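Encoded as structure tokens, the structure appears first; notes follow it.
The values are calculated or read from the model by the stated rules, or taken from the named source; none is laboratory data. Every value quoted in this text rests on a predicted model; they were computed, and no experiment measured them. Quick reminder, even Gly has a Cβ in these numbers, built from the backbone with ideal geometry, and neighbours come from all protein chains shown.
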């Protein structure tokens, strides 16, 4: 691990200034990816700007139509939040299923989105709920945010401050976890917001993506049965020792059906 | 101050220290002025080393030393030989053993093989210096599959070992088995794989070494399971010095499971560097390096054949195993796929004849050595899988076929075709008790509910029989202090399993002294003249019996002093409940008082000195003992995804006398968890070029607490063995021995309506899902014949 400077600013502005002062700075959120990468010598930033001291990046607020989560809010806090559980229970459930307790107590929403690991859970929620990623410079709709494997629309030094999630009529997330890492082998977030259905798939492809055929079928009939016969092409899916592309394609169908069932059950329960 | 008894669930006295961060592990040991060592490891599975240029590293500020294989050979150091007891091929010739030096000499044979040692002022400097060593490799073809390595055109690892074959071993009655097969109504054959895993102890390996030029002696702190045997290898085989020249100490060790049994290259390299530099040297493996450089276990492919009568009576068992050794013979590497897997073939069943053939094969991976069970889990898996498979093929009830063939107690003692002397036990009783605890009949309603939810319920029962192992002698020393403490030094070793409690409990109970007064010591070659360390479930069997024997000697010595104190004759005294009593006068004196008197010149007779009660005792085992028992597992399987959930787990064990049931429970639970891990998620995977794919915990699936069910554990104590005075049979590995077949057979039971009869482990969700898709299409002879 190479030596680096360490700074812990108190405001978003200070964080931006600190970043700009570095030749090769890096923001540190929960550190669940960055710290291991540093230890392996795969990243060698000149300075780390720790965002943990910025109060403006913390917290959860809800209105009737929108749930806003600060970028530095941990997964554990989202999972346990009464506001999230009431507004979008599927989001609380997703956060509670990320990694393990240690990861959930350190990892953050903003860190997960900025990293955009193709197997991470949060991108599926952001894309399916058509959330808006708010940064220190602009507002980025979910459809334009995830641009590829570990790639996002964020500019150099641009900092996520909040994510605004529309409160869905129905939503649920179903994931088949990797037995070792507990990342998604295939995770499907299904949401109906303002009458429109969106289905986002994570873990199975090179990045989170929407399943258009499933969305069309569920638009007509929001029941798991409506997905029968919709085959997901394995052509663009990833394969590794844990799951072949064909198995992932199959799991997407199973998880989508289970997510729809859960979304309908959630409404019943409420 | 507490009185304890044998069989009492005394809570672990070491846990407060461990849980509050006051354990003293290898990385907690720092010697003044120490430098740090890091190993440069091969990035090729098979390559010639054309040249090593370390000048860049040596020019770096803070780098103190670089050692290469050429330097090592130039010093005249010897290789680390295998110490396996199994050394003969079927034709009587010796096994083929290549030299295993501490650094690669001219050629690397696995990814992770040590190529050079770098020593620097700090660990980060040493790690940075690795990048500045220029190794000129010429890549060679690699083979990473043991069956493929036997093929005529396979890449050859060793010029003088043709066909990559280390040993071709056999045991049992070959002709008798052939005859039985010819006469049997049914012969059932199944090829199966026992996958490659590694132990992943929570504490990685590491060591700290120093050299004292005045006395010409070395001091080595090492995270190991076996200080005496490894010291002997380092002194006698590597350095060619008297073994007394090395003091070898293991501090607290965070898990071993066999992976820390081996003599590894790093400790001798560290000692050499310490002498060369004139300052202590420390080396700590990280987790990624551990996956590459720790020994791995299992990794066998077997053809198993069972001959039965029409009514399901077993006639014969034959197993032909090809075991992977890695590129070298590690400390007892060739033992596991040969004698280790042969001895307990057939388990607790009444087989008239058995035969086992085992070949150990060199391939381009790191070395294999024991992993919890070292052959007995493999043997049990082979036996229980072929029985389950045969039951399915022949339409027999898997419970009934087992019940019918279990060896009856009146048949004991019995010597099996494998030469195993089964002295005692009641296998039918243990089997029926397990069934009663699990009560599979009560699951019908739950199974229906599970099916309604789209999943399937499965249940299986797996009797097992194993044997202990490890060094046949053990030492226990007892020394009393004037302050009332009792120092107990034992040559067996705890790597976390709780000997600090159980050995102290045993001594305290035997002497009738307060438990808290016993100070336990282990794993220091200066503290005990011999020591067999940890391995083969030998702790209580060897160490425990040594402690009991030493306690007997103390009582003998103390009775003389007690007689003096009571003005009696020693012959008139009885020792019971911690007191000596004169049967005539009724006068008595406690052991605690006798110990106090032994330090009181007023009360000591003229011919005795303080310390007169101290003793050192060596216990020698006559025969290995035979732990046995029965496991049962209930699972649910989701045929749509292949996901498996364990619903329940039941164990009845016959470990003979139980010293501390709480600690025995811990051994069983840990072993079962490791078995569940191997069966469901753990798997070491190499690609065709020999690169390790599962090099981190992101890909190597250790079991987690939420995947391991609550367990019901009971002990059958009706058959203590007479093979040792305590009547103990060994508890450390049994959990791992019974759990592989119990879980696999339960999963296959859940899938029976889909026609699935066999899936090789690990039962990954994809393999399970595909087996359901394939409706049981399976080639029972696909692994060996088809591949060779």
Can you tell me which residue among B:366, B:358, B:373 is under 13 Å from residue B:465 (Cβ atoms), in contact with a strand residue (DSSP E or B) (Cβ under 9 Å, 6 or more places away or on another chain) and outside any helix (DSSP H, G or I)?
B:373
Would it be correct to say that residue B:103 is under 28 Å from residue A:41 (Cβ atoms), more than 14 Å from chain A (Cβ to nearest Cβ), out of contact with any helix residue (DSSP H, G or I) (no Cβ under 6 Å at 6 or more places or on another chain) and touching a residue at least 12 places away in the same chain (Cβ under 8 Å)?
no
Name, by its number, the condition in (1) buried (at least 16 other Cβ atoms within 10 Å of the Cβ); (2) within 13 Å of chain B (Cβ to nearest Cβ) that does not hold for residue A:232.
(2)
Within the bounds of region B:710-732, is there any residue that is under 30 Å from residue B:142 (Cα atoms) and either over 25 Å from the mean Cα position of the chain (by Cα) or within 14 Å of chain A (Cβ to nearest Cβ) (or both)?
no
Answer yes if at least one residue in region A:211-225 is in contact with a strand residue (DSSP E or B) (Cβ under 7 Å, 6 or more places away or on another chain), buried (at least 18 other Cβ atoms within 10 Å of the Cβ), in contact (Cβ under 8 Å) with a residue 40 or more places away in the chain and within 14 Å of chain B (Cβ to nearest Cβ), and no otherwise.
no
For the subset of region A:15-49 comprising residues that are touching a residue at least 60 places away in the same chain (Cβ under 8 Å) and out of contact with any strand residue (DSSP E or B) (no Cβ under 8 Å at 6 or more places or on another chain), which member is surrounded by the most Cβ atoms within 10 Å (Cβ to Cβ)?
A:32
Would you mind stating whether residue A:260 is closer than 27 Å to residue A:152 by Cβ and either more than 13 Å from chain B (Cβ to nearest Cβ) or touching a helix residue (DSSP H, G or I) at 6+ places or on another chain (Cβ under 7 Å) (or both)?
no
Mind checking which residues of region B:690-709 are in a loop (DSSP other than H, G, I, E, B), facing another protein chain (nearest Cβ under 10 Å) and either touching a helix residue (DSSP H, G or I) at 6+ places or on another chain (Cβ under 8 Å) or touching a residue at least 40 places away in the same chain (Cβ under 8 Å) (or both)?
B:694, B:696, B:697, B:700, B:701, B:702, B:703
Here the residues within region A:180-200 that are within 14 Å of chain B (Cβ to nearest Cβ) and surrounded by fewer than 24 Cβ atoms within 10 Å (Cβ to Cβ) are A:180, A:181, A:182, A:183
Anything in region B:564-586 that is free of Cβ contacts under 8 Å to residues at least 60 places away in the same chain, out of contact with any helix residue (DSSP H, G or I) (no Cβ under 7 Å at 6 or more places or on another chain) and surrounded by fewer than 18 Cβ atoms within 10 Å (Cβ to Cβ)? List them, or say none.
B:567, B:571, B:572, B:574, B:576, B:585, B:586
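The rows are residues; the columns are (1) surrounded by 21 or more Cβ atoms within 10 Å (Cβ to Cβ); (2) over 22 Å from the mean Cα position of the chain (by Cα); (3) modelled with pLDDT under 95; (4) in the same structural domain as residue B:248 (by TED's automatic domain parsing).
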residue	(1), (2), (3), (4)
B:504	yes, yes, no, no
B:513	yes, yes, no, no
B:516	no, yes, no, no
B:537	yes, no, no, no
Is it true that some residue in region A:147-167 is over 18 Å from the mean Cα position of the chain (by Cα), within 18 Å of residue A:233 (Cα to Cα), in contact (Cβ under 8 Å) with a residue 40 or more places away in the chain and more than 14 Å from chain B (Cβ to nearest Cβ)?
no
Within the bounds of region B:746-760, is there any residue that is under 25 Å from residue A:244 (Cα atoms), crowded, with 19+ Cβ neighbours inside 10 Å and within 14 Å of chain A (Cβ to nearest Cβ)?
no
Report, by residue number, each residue of region B:277-291 that is within 15 Å of residue B:40 (Cβ to Cβ) and buried (at least 22 other Cβ atoms within 10 Å of the Cβ).
B:283, B:285
Residues of region B:568-610 classified as closer than 23 Å to residue B:506 by Cβ and part of a helix (DSSP H, G or I), total:
6
Residue that is within 30 Å of residue B:526 (Cα to Cα) and either modelled with pLDDT of 95 or more or assigned by TED's automatic domain parsing to the domain that holds residue B:485 (or both), where the choices are B:590, B:617, B:583:
B:617
Can we say residue B:779 is exposed (fewer than 15 other Cβ atoms within 10 Å of the Cβ) and at pLDDT below 95?
yes
The listed residue being part of a helix (DSSP H, G or I), in the same structural domain as residue B:260 (by TED's automatic domain parsing), in contact (Cβ under 8 Å) with a residue 60 or more places away in the chain and touching a helix residue (DSSP H, G or I) at 6+ places or on another chain (Cβ under 8 Å), out of B:37, B:57
B:57
Out of B:546, B:550, B:643, I need the residue that is within 30 Å of residue B:774 (Cα to Cα) and within 30 Å of the chain's Cα centre (by Cα). Which one?
B:643
Residue A:244 passes all but one of (1) more than 13 Å from residue A:201 (Cα to Cα); (2) within 13 Å of another protein chain (Cβ to nearest Cβ); (3) in contact (Cβ under 8 Å) with a residue 24 or more places away in the chain; which number fails?
(3)
What's the total number of residues in region B:133-153 that are surrounded by 18 or more Cβ atoms within 10 Å (Cβ to Cβ) and in a loop (DSSP other than H, G, I, E, B)?
6
I'd like the full set of residues that are closer than 30 Å to residue A:244 by Cβ and in a strand (DSSP E or B), limited to region B:639-658.
B:643, B:644, B:645, B:646, B:647
Boolean, residue A:134 is in contact with a strand residue (DSSP E or B) (Cβ under 8 Å, 6 or more places away or on another chain), surrounded by fewer than 20 Cβ atoms within 10 Å (Cβ to Cβ) and within 30 Å of residue A:17 (Cβ to Cβ):
yes
So residue B:742 passes all but one of these: (1) crowded, with 22+ Cβ neighbours inside 10 Å; (2) assigned to a loop (DSSP other than H, G, I, E, B); (3) away from chain A (no Cβ under 14 Å). Which condition number does it fail?
(2)
Screening B:666, B:675 for residues that are away from chain A (no Cβ under 14 Å), surrounded by fewer than 22 Cβ atoms within 10 Å (Cβ to Cβ) and not in a loop (DSSP other than H, G, I, E, B) leaves only B:666
